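Asker: Sharing a structure below in structure tokens format, with a few things to ask.
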Amino acid sequence: MSDSNEVKNKIDKLRAEINRHNYLYHVIDSPEISDAEYDELMRQLKKLEEEYPRFLTTDSPTQRVGATPVEAFGIVEHPQPLLSLGNAFSEEELTAWYNRASKMAGSSEFSFVCEHKIDGLAVALTYVNGEFSIGATRGDGFRGENITQNLRTIRSIPLSVSKEAPSRFEVRGEVFLPKAGFSRLNKERAEEGLSLFANPRNAAAGSVRQLDPRITASRPLDIYIYMLGYAEGWSIPQSHWESLEYIKSLGFKINPNNRRLDSIEQVREYYNTWLEGRENLPYEADGIVVKIDRIDLQERLGNIGHEPRWAIAYKFPAVQGTTVLKEIKISVGRTGTMNPYAVLEPVSVGGVTIKQAALHNEDDIRRKDIREGDTVIIQRAGDVIPQVIGPVISKRPKNTKEFNLLQKTKSKCPKCQFDIFKPEGEVMYYCPNAACPAQRQQRIEHFASRGAMDIRGIGEKMSAILLNEGLINDFADLYYLRDKRDEFINIERMADKSVDNILEAIEKSKGRPLARFINALGIRHVGGETAELLAKHFQSFERLAGAGKEELIHIAAIGPRIADSVSAFFENQENGKIIKKLKAAGVIPEPIETRAGRLLLAGKEFVITGRLNSLSRQEAELKIRALGGSAKSDVTRKTDYLVAGAEPGSKLTRARELGIEQISEDDLIRLLG
């Protein structure tokens, strides 16, 4: 594989990983990594895109703000985008930002406004003729979720303001759950036997994004307004500080810890003051926000991508603590990975009680020399699963032993007792048994997920219920649930209509394209893009299943690791049984050339540019592929149609130069039927 292909593959993997974490954080309020880890992924991606600009695309996570809003709430178009902030993690990075801004502004003599970066949920509040009209989440920065009714329950949000206010204006703020309220809420949930919120940000986002406003009203949410978004028919103040003062005069709640400062030295002092005093704050803050005060300078500096040049988040270091690592245990992932994790003496870090922490893999444990019985340093930065940074050697008990995964597991999967193995050149051990109980639920969830077979109604909870009730043993059994309809309905709280909807979704999924079916199987190292490559090359599932490693390895962008994984999957007897059941149920997709002859968009290549209003770009591309077309990121002479949404980019110019046919979003929807 060429160096260029390796770089592109690395960029693609980073984008896929970041997009997944965007969805977990912004859409379903269930983050899996810390802010610091997410920031590091974004740093890596930005660095690669700067070094290899030919691989930069408009749909890269570095070019957007958040994640797609959830349609269930209703969608609100933001008149002005809600941008996210760039980050500084050191004094040097803060100074570099200041120097860049000074150079572009033509002067280093300007003031700042410093605010706490509160760990909550960003919202936009629109007022019309003095009345609170619309409240929305940030969403993807251009479109957010309509959560007006929920926000109306927060007492610090005024439902009306002075009639002298602009006829229509928007303010932006951060909804948060104070530390005391967070502790009380989790205590109540524990008493009721409910799962606990991981942190105040999780709790605030989960509280606001409820379909029932009564749930939101029952929680002690608060808000601080941090800026004026826009105001119609009104002269905006000359400085950000003045606009905050004006907002305050209208009755909005402004953080009393905000400060207007005259120099970058004072900004550093403000940061250091709150670095020491943040534990005494009534809310969680993970840094400060530094804004250039003058509005005219803000306009002159503008934005770069999705970040304003005139503001930056100067982050506090991740919160750490120490405790005793009682035991290293092993969990089994969806693809059979043996994942070590630490069982800890409970410790409170940053207001969160931590009992477990991630250890990544055996090589990492050995490199850090982490042992059972060690006193270890734990780090959390708002993350769900904290990490073990390393041991405190001076407190190490005598006679501790280095961790050995094979000894710990006796070379067997702890859930199914299959022999585990470690592929050459990799760091993880794997269980090869697709029927492994630990893998089954996660495999079923993946199989039914939106990017795979898209079976609505089969998520985490329903997968667990079906397995626990003995109605299914693997994802192939989903297609035999119709024969067990009576047992399905007898499950507690399952209505006839709900069961029929799920059964209908399962039946409908039989017609998914070959690439999505391959992705759904959960073959290790095979995601959506690799599944597309395999589908296009082999054209039918039977040809792929019969291919050997030598044939696989000669496909462009398929290296030895993927080839080994694919061939191992089809050689496994348990996987063979599952595939046999799928085939008997009529699920195996027909060959691409057979299917293509009946598909409306067969052989047509599309490129989408700009923002779509009625569906997300991912949804549009999935629908195009489902009808036999292909969706590409770059305009070439092979492109048949350029779909031009709102605010199209340079791809539109390129398409005109090449004489490519341009169609609107409405045209695309008509083509999609």
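The values are calculated or read from the model by the stated rules, or taken from the named source; none is laboratory data. As the structure is a computational prediction, the values presented were derived from the model and not from experiment. Glycine also receives a Cβ, built like all others from the backbone with ideal geometry; neighbour counts cover every protein chain displayed.
Asker: Listed residues 172, 155, 100; which is part of a strand (DSSP E or B) and under 30 Å from residue 270 (Cβ atoms)?
Answerer: Result of the check over 172, 155, 100: 172.
Asker: Ok, one more. Take the residues of region 100-111 that are modelled with pLDDT of 90 or more and over 32 Å from the mean Cα position of the chain (by Cα): which is surrounded by the fewest Cβ atoms within 10 Å (Cβ to Cβ)?
Answerer: Of everything passing the filter in region 100-111, 103 is surrounded by the fewest Cβ atoms within 10 Å (Cβ to Cβ).
A quick yes/no check of all residues on (1) modelled with pLDDT under 75; (2) assigned by TED's automatic domain parsing to the domain that holds residue 141; (3) buried (at least 20 other Cβ atoms within 10 Å of the Cβ):
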position	(1), (2), (3)
603	no, no, no
607	no, no, yes
610	no, no, no
614	no, no, no
619	no, no, no
623	no, no, no
626	yes, no, no
629	no, no, yes
636	no, no, no
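Asker: Now, a different point. If you take the residues of region 477-513 that are of a type in the set (S, T, N, Q) and closer than 14 Å to residue 466 by Cβ, which of them is surrounded by the most Cβ atoms within 10 Å (Cβ to Cβ)?
Answerer: Applying the filter and picking the extreme gives 498.
Asker: Which of the residues belonging to region 108-149 are among the acidic types (Asp, Glu), within 22 Å of residue 615 (Cβ to Cβ) and assigned to a strand (DSSP E or B)?
Answerer: Of everything in region 108-149, just one residue is among the acidic types (Asp, Glu), within 22 Å of residue 615 (Cβ to Cβ) and assigned to a strand (DSSP E or B), namely 145.
Asker: Considering only residues that are acidic (Asp, Glu), free of Cβ contacts under 8 Å to residues at least 40 places away in the same chain and in a helix (DSSP H, G or I), which ones fall in region 620-673?
Answerer: Passing the criteria: 621, 657, 666, 667.
Asker: Filter region 348-359 for residues that are touching a residue at least 24 places away in the same chain (Cβ under 8 Å) and surrounded by fewer than 17 Cβ atoms within 10 Å (Cβ to Cβ); which is farthest from residue 182 (Cα to Cα)?
Answerer: If we take residues in region 348-359 being touching a residue at least 24 places away in the same chain (Cβ under 8 Å) and surrounded by fewer than 17 Cβ atoms within 10 Å (Cβ to Cβ), then 356 is farthest from residue 182 (Cα to Cα).
For (1) touching a strand residue (DSSP E or B) at 6+ places or on another chain (Cβ under 8 Å); (2) under 22 Å from residue 235 (Cβ atoms); (3) at pLDDT below 85, each residue gets a yes or a no:
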| site | (1), (2), (3) |
| --- | --- |
| 132 | yes, no, no |
| 140 | no, no, yes |
| 143 | yes, no, yes |
| 157 | yes, no, no |
| 172 | yes, yes, no |
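Asker: On to the next question. I need the full set of residues from region 272-301 which are out of contact with any His (no Cβ under 8 Å at 6 or more places or on another chain), within 21 Å of residue 91 (Cβ to Cβ), among the charged types (D, E, K, R) and outside any helix (DSSP H, G or I), in order please.
Answerer: Within region 272-301, just 286 meets the criteria.
Asker: Are any of the residues in region 16-33 small (Gly, Ala, Ser) and modelled with pLDDT of 70 or more?
Answerer: The answer is yes; a qualifying residue exists.
For every residue, the table says whether it meets (1) assigned by TED's automatic domain parsing to the domain that holds residue 521; (2) assigned to a helix (DSSP H, G or I); (3) without any contact (Cβ under 8 Å) to a residue 12 or more places away in the chain.
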site	(1), (2), (3)
427	no, no, no
454	yes, no, no
472	yes, no, no
477	yes, yes, no
481	yes, yes, no
494	yes, no, yes
498	yes, yes, no
505	yes, yes, no
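Asker: Just to be sure I understand, how many residues within region 207-246 are at pLDDT 90 or above and either in a helix (DSSP H, G or I) or not assigned by TED's automatic domain parsing to the domain that holds residue 297 (or both)?
Answerer: 7
Asker: Turning to a different aspect of this structure: Which numbered condition in (1) of a type in the set (Phe, Trp, Tyr); (2) free of Cβ contacts under 8 Å to residues at least 40 places away in the same chain; (3) assigned by TED's automatic domain parsing to the domain that holds residue 530 is the only one that residue 447 fails?
Answerer: So the condition that residue 447 fails would be (2).
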